[in-house]
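Chemist: Provided herewith is a single structure, encoded as C-alpha cells, for subsequent inquiry.
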C-alpha cells in the first residue's frame, strides 16, 4: 500500500476512534439529566394534597395520603400505619402506636423501613435512589412513557447504580409528580408496586391512629 494511502487510512481510523468517545459521554450525561428531571418531578409532589392507592406484590394493597398546612403524610400498609408531620412521627403496628419527634433535618424516619419491608416504597426513598443514580456516570438509563391510573407518567429503567440500596430498578412518576410505580429490590426486599387509584383530596382519618389503638 502506498505510504500516502496508509497515512490517510490511519487518520480516518484515528478520527473514528475519537468520535466514539464524545458519543458515549453524551449518552451518559443525557441519562443523568433524565434522572435529575425525575427527581424534580417528585419534588413537585410535595405541594400536592392527594390519596393514592397501590397494588403490591402478592395482591396486597396500600394507601399513601398527603395533605398541606401543615404538610403531613400517611402510609397505610399491610400490618401498620405511619403518620409523619413536621412535629411528630406516629408509628402504628396493629393496635399499638408509638409517638416520637421528627427526625433530624434531611433524615428519614426509621419507621419508613417497616413501610418498605411491607412492599411499599415511600417517595422519599425513591428520591434517595434517584439522587444516587444521578451522581453515577456509569449508570444505564432507559426512558419510556405510560399511563397509570388514568394519568400520564414518565418511566425510567436504571441498571448498575452504585452506592445505593437498589442497584437495578424501574420507576414511573406522573406528570403531577406522584409516584406511579416501582419495581426492584431495595435493601433485600423485592418491591413491585403500582398505583391503581388517585384522588386529589385527603381524609383527616388517614392522619390519626387506627380506631382502638393505644399510643405511647
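Values in this text are rule-based calculations from the coordinates and carry no lab data. Keep in mind that this is a model prediction, so the values were computed, not measured. Virtual Cβ from ideal backbone geometry, glycine too; neighbours counted across all protein chains shown.
Chemist: Out of 123, 100, 85, report the one residue that is over 27 Å from residue 35 (Cβ atoms) and in contact with a helix residue (DSSP H, G or I) (Cβ under 9 Å, 6 or more places away or on another chain). Spell out the reasoning first.
Modeler: Numbers: 123 fails: over 27 Å from residue 35 (Cβ atoms); 100 fails: in contact with a helix residue (DSSP H, G or I) (Cβ under 9 Å, 6 or more places away or on another chain).
Going through 123, 100, 85 in turn, the sole match is 85.
Chemist: While we're looking at this one, here's another question. Out of region 176-185, which residues are in a strand (DSSP E or B) and more than 11 Å from the chain's Cα centre (by Cα)? Please lay out each step first, then the result.
Modeler: So the first thing to find is which residues in region 176-185 are in a strand (DSSP E or B), and the list is 179-185.
185, the sole residue that qualifies.
Chemist: Next question, about the same structure. Here are the criteria: (1) surrounded by fewer than 21 Cβ atoms within 10 Å (Cβ to Cβ); (2) within 21 Å of the chain's Cα centre (by Cα). Tell me which single one residue 87 does not satisfy.
Modeler: For residue 87, the failing item is (2).
Chemist: Any chance you could count how many residues in region 158-175 are assigned to a loop (DSSP other than H, G, I, E, B) and under 11 Å from residue 129 (Cβ atoms)? Talk me through it step by step, then tell me what you get.
Modeler: Within region 158-175, the first condition is being assigned to a loop (DSSP other than H, G, I, E, B), and the residues that meet it are 160-168, 175.
Narrowing further to those that are under 11 Å from residue 129 (Cβ atoms): 161, 163-168.
Counting residues in region 158-175 that are assigned to a loop (DSSP other than H, G, I, E, B) and under 11 Å from residue 129 (Cβ atoms) gives 7.
Chemist: Follow-up. How many residues does region 108-135 hold that are assigned to a loop (DSSP other than H, G, I, E, B) and under 27 Å from residue 214 (Cβ atoms)?
Modeler: Adding up the residues that qualify gives 8.
Chemist: Can you report the number of residues in region 166-184 which are in contact with a strand residue (DSSP E or B) (Cβ under 7 Å, 6 or more places away or on another chain) and over 16 Å from residue 39 (Cβ atoms)?
Modeler: Here the count works out to 4.
Table: residues versus (1) within 26 Å of residue 48 (Cα to Cα); (2) surrounded by 14 or more Cβ atoms within 10 Å (Cβ to Cβ); (3) touching a helix residue (DSSP H, G or I) at 6+ places or on another chain (Cβ under 9 Å).
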{"position": "146", "(1), (2), (3)": "yes, no, no"}
{"position": "153", "(1), (2), (3)": "yes, yes, no"}
{"position": "181", "(1), (2), (3)": "yes, yes, no"}
{"position": "187", "(1), (2), (3)": "no, no, yes"}
{"position": "195", "(1), (2), (3)": "yes, yes, no"}
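Chemist: Only one residue in 54, 77 is under 20 Å from residue 189 (Cα atoms), in contact with a strand residue (DSSP E or B) (Cβ under 7 Å, 6 or more places away or on another chain) and free of Cβ contacts under 8 Å to residues at least 60 places away in the same chain. Which one? Reasoning before the result, please.
Modeler: On the way: 54 fails: free of Cβ contacts under 8 Å to residues at least 60 places away in the same chain.
Within the list 54, 77, the selection yields 77.
Chemist: Another question, then. Taking the stated definitions as given, is residue 34 touching a helix residue (DSSP H, G or I) at 6+ places or on another chain (Cβ under 6 Å), under 19 Å from residue 128 (Cα atoms) and either assigned to a helix (DSSP H, G or I) or touching a residue at least 60 places away in the same chain (Cβ under 8 Å) (or both)?
Modeler: Working: touching a helix residue (DSSP H, G or I) at 6+ places or on another chain (Cβ under 6 Å): no; under 19 Å from residue 128 (Cα atoms): yes; either assigned to a helix (DSSP H, G or I) or touching a residue at least 60 places away in the same chain (Cβ under 8 Å) (or both): yes.
Judged against the criteria, residue 34 is not a match.
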